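One structure is given below, encoded as structure tokens.
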Amino acid sequence: MNTIRQILFVINPNAGNTDKEELLEYVSATFKEQAIDLKIYKTTGEDDEKAIKAILEEHSFDRILVAGGDGTIHKMANILMDFSIPMGIFPEGSANGLAYNLNLPNTYEEQLEVALFGKILNLDVLKMNENLCIHIADFGVNAELIKNFEEGTIRGKIGYALKSIPTLLNTAYPFTFEIKANGINQTKEGAVLAIANATKYGTGATINPEGKMNDGLFEIILFKNLNIIDIIKTLTNINNLDPDFAEVISTSKAEIICKSPVPFQIDGEYLGEIKKLDVSVLKRKIAVLVPED
């Protein structure tokens with residue numbers, strides 16, 4: 001492995017409503033001991049993409065470290081499409097679905113070890129209309145839940161749980177979807193239609209047990225019905241994908257048309273209601289550091 005000399009550390013101070021100073025102090029002290037040049041960028045929510053790209057163009061970084069949740073990682077993935085620099089992740093958000101999927105460890109020490117010396121995994125990136133997705137997107141009840149969660153004040157699984165039942169009661173499902181994939185057109189009804197490059201949601205709930213993030217494919221998962229018991233199972237990660245509950249299509253390209261506009265989210269960010277989605281796997285991948293097998 002080449003010597004690591006320069007690292008950019010991107011920190012979202014607001015992710016997960018947690019203090020990042022302890023992490024920053026630990027990383028800074030470690031790199032000082034190892035004579036690694038560390039540059040720190042704290043996101044503000046204003047022109048971060050432009051500012052980070054300018055920094056990357058001015059330096060030759062060996063690694064980019066990112067402290068934040070799925071939303072922060074999603075934004076960094078958009079930036080790194082133009083740069084071939086491996087990314088190490090410190091999961092510090094309200095939702096850390098990508099970290100769950102990559103089996104990242106829990107302590108700063110172990111996370112830093114992975115970020116520096118772990119195995120590089122080249123993640124698939126999905127194009128969804130004009131947006132990118134590296135984790136999971138979906139139509140329906142879960143997207144509506146994310147919208148309501150963002151408008152609430154309580155973070156984490158408790159926040160999702162508190163919003164689940166009112167969202168379920170007030171969302172007008174089932175939704176009707178026309179799915180074009182693998183040369184087959186199907187019209188289906190369901191409460192949630194997920195497009196998954198990963199296996200788990202940010203809550204840790206497994207929805208795509210057979211999915212792989214680097215196989216050039218994604219899965220379309222139609223959840224036919226959601227009642228209170230199903231939502232509780234999903235939140236607690238004990239839900240099996242019974243064929244009577246969910247259908248799965250594996251493909252590299254798809255078109256999804258909704259009978260009427262349906263709530264939609266990508267990587268935990270609510271994007272409003274849409275009627276049509278074109279999805280494909282891009283040839284370009286994102287390099288992330290993961291634990292050795």
Considering only residues that are closer than 25 Å to E219 by Cα and at pLDDT below 55, look in the range 133-166 and name the one that is most open to solvent (accessible area, probe 1.4 Å). K157
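Here is a yes/no grid of residues against (1) in contact with an Asp or Glu (Cβ under 8 Å, 6 or more places away or on another chain); (2) open to solvent by 50 Å² or more (accessible area, probe 1.4 Å):
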| site | (1), (2) |
| --- | --- |
| S250 | yes, yes |
| I256 | yes, no |
| P261 | yes, yes |
| F264 | yes, no |
| G272 | no, no |
| K275 | no, yes |
| D278 | yes, yes |
| L282 | yes, no |
| V290 | no, no |
Take the residues in the range 191-201 that are out of contact with any Asp or Glu (no Cβ under 8 Å at 6 or more places or on another chain) and open to solvent by less than 10 Å² (accessible area, probe 1.4 Å); name whichever of them is nearest to V141 (Cα to Cα). A191
Just give me the residues in the range 91-121 being touching an Asp or Glu at 6+ places or on another chain (Cβ under 7 Å) and open to solvent by 40 Å² or more (accessible area, probe 1.4 Å), in sequence order. K119
If a residue must be loosely packed, with under 14 Cβ neighbours inside 10 Å and closer than 17 Å to Y108 by Cα, how many such residues does the range 1-25 contain? 4
In the range 55-72, anything within 22 Å of I4 (Cα to Cα) and either touching a residue at least 12 places away in the same chain (Cβ under 8 Å) or within 14 Å of the chain's Cα centre (by Cα) (or both) is listed as I55, L56, H59, S60, F61, D62, R63, I64, L65, V66, A67
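The values are calculated or read from the model by the stated rules, or taken from the named source; none is laboratory data. Computed from a predicted structure; not experimentally measured. Cβ coordinates were reconstructed from backbone atoms using ideal geometry, including for glycine residues, and neighbour counts include every protein chain displayed. Only protein heavy atoms, including side chains, enter the accessible area calculation; ligands, DNA and RNA are left aside. Shrake-Rupley method; radii C 1.70, N 1.55, O 1.52, S 1.80 Å.
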